[in-house]
Amino acid sequence: MNKLIRLNQLWQLTVALFREIIREPGVIFWGVLFPILMALGLGLAFTKKADIVRKVSIIESTDTLAFNPARLSSLKAFLRSNGRRIDSQEDKDYQWELALKDDKLGNSIFYFYEMDWSRAMMFLKRGTINLIVNEDADGTEFHFDPLNSDAQLTYIKLNNIIGEGKVMPTGSSRNIKPLTVTGTRYIDFLIPGLITMGVMMSCMWGISYGLIEKRSKKLLRRLVATPMKKSHFLVAQIAVRIGLNFIESIILFIFAVIVFKMTIQGDISALIIVFLAGNIAFAGIAVFVSSHTSNTEVGNGLINAVVFPLTVLSGIFFSYHNFPDWSIKIIKLLPLTMLTDGVRSIFNEGAGFKEVASSILILTATGATFFSAGLKIFKWH
């Protein structure tokens, strides 16, 4: 009998706790509906398609095929015969389009950009392209990071189609010019992204979740009786977090310098200011997210609603140019994208205040706006 009573007590306690959780609408949304919506969005973005898009830069040269159109071994001659020239009225940023059909491995679509060497290097560092083709009187040269497997595959596909319908030998590496200089490696692309992602994570979890947890434990209620202002309390939280973010980022950068020989090619003072602006932006967002709720599970969902989409979309681990063209304009306006692009341009492209001034202003304004809104609706309990 006692055993049955204990089992009934356990059952009633389990049912009571379950009802306590499901009665909170936010728990249902963030725990059930939100993952489904994220799976739907990411599934649409990353579902394997028959057509694989690859972007390549062609170096403009005075020694072009316009002077020798009979040279069929050249890429431009091949594009004239098999590709499609993009009309200026089509509002495309590339000049040539080439579609290769393959029933077994899937179709490949190549977009070719005609530009000078300096602009091509900038596109390569940003991840817009992964292969540079240089044509001159001596032949066709392929420039890419030898550690980038996608660039290698793009090279193999192009190297096989250039010529009079013949497959050129890929065993020879005479026409390959590896790019291993600072700024063109994947690690040069990754480290700035990790730094900016760390800023977002630190602010969102360090400030937002910390405030929500203190409110849920009734710790903030005790501060109401003190003469302390809400603004002072929140600014102190932000100041501590920004200081920690500076320390964490410096440690990561020192590690990258020692292990990967990274350098900052741009203005260090501009880097510090854009980094500070990014901290202000995410600190303001963090205050706004945590200003009202006292439920840690709802707060966890709200934080993930900010953190997860930005991490996927903002080009931390791979270029956001892999997303559809219509979405890129929207992605560029996201705060993490603006911060990452600004930091990455200073690290790898030698940018200064002029190039990141707009990002600094927008990030600072974003942080101030969200902080003001969060301060207005902030509650102690």
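The values are calculated or read from the model by the stated rules, or taken from the named source; none is laboratory data. It should be emphasised that the depicted structure is a prediction, and the values quoted were computed from it without experimental measurement. Cβ sites come from the backbone with ideal geometry, for glycine too, and all protein chains shown count toward neighbours.
Mind checking whether some residue in the range 270-287 is at pLDDT 90 or above and loosely packed, with under 13 Cβ neighbours inside 10 Å?
Yes, the range 270-287 contains at least one residue that is at pLDDT 90 or above and loosely packed, with under 13 Cβ neighbours inside 10 Å.
Do we find a residue being in a helix (DSSP H, G or I), surrounded by 14 or more Cβ atoms within 10 Å (Cβ to Cβ), charged (D, E, K, R) and touching a Ser or Thr at 6+ places or on another chain (Cβ under 7 Å) anywhere in the range 218-239?
No, the conditions are met nowhere in the range 218-239.
What are the residues in the range 288-340 that are modelled with pLDDT of 90 or more, among the hydrophobic types (A, V, I, L, M, F, W, C) and part of a loop (DSSP other than H, G, I, E, B), if any?
Selection gives LEU333, LEU334.
If the Cβ limit is 6 Å and pairs must be 6+ apart or interchain, which residue in the range 133-161 that is among the aliphatic types (A, V, I, L, M) pairs with which residue that is at pLDDT below 75?
VAL133/LEU75; ALA137/ASP63; ILE156/THR170
Hey, among the residues in the range 154-183 that are in contact with a strand residue (DSSP E or B) (Cβ under 8 Å, 6 or more places away or on another chain) and either under 26 Å from ILE316 (Cα atoms) or part of a loop (DSSP other than H, G, I, E, B) (or both), which one's modelled with the lowest pLDDT?
ASN175
Tell me which residues, restricted to the range 325-381, are closer than 15 Å to MET200 by Cα and either among the acidic types (Asp, Glu) or touching a Cys at 6+ places or on another chain (Cβ under 8 Å) (or both).
ASP341
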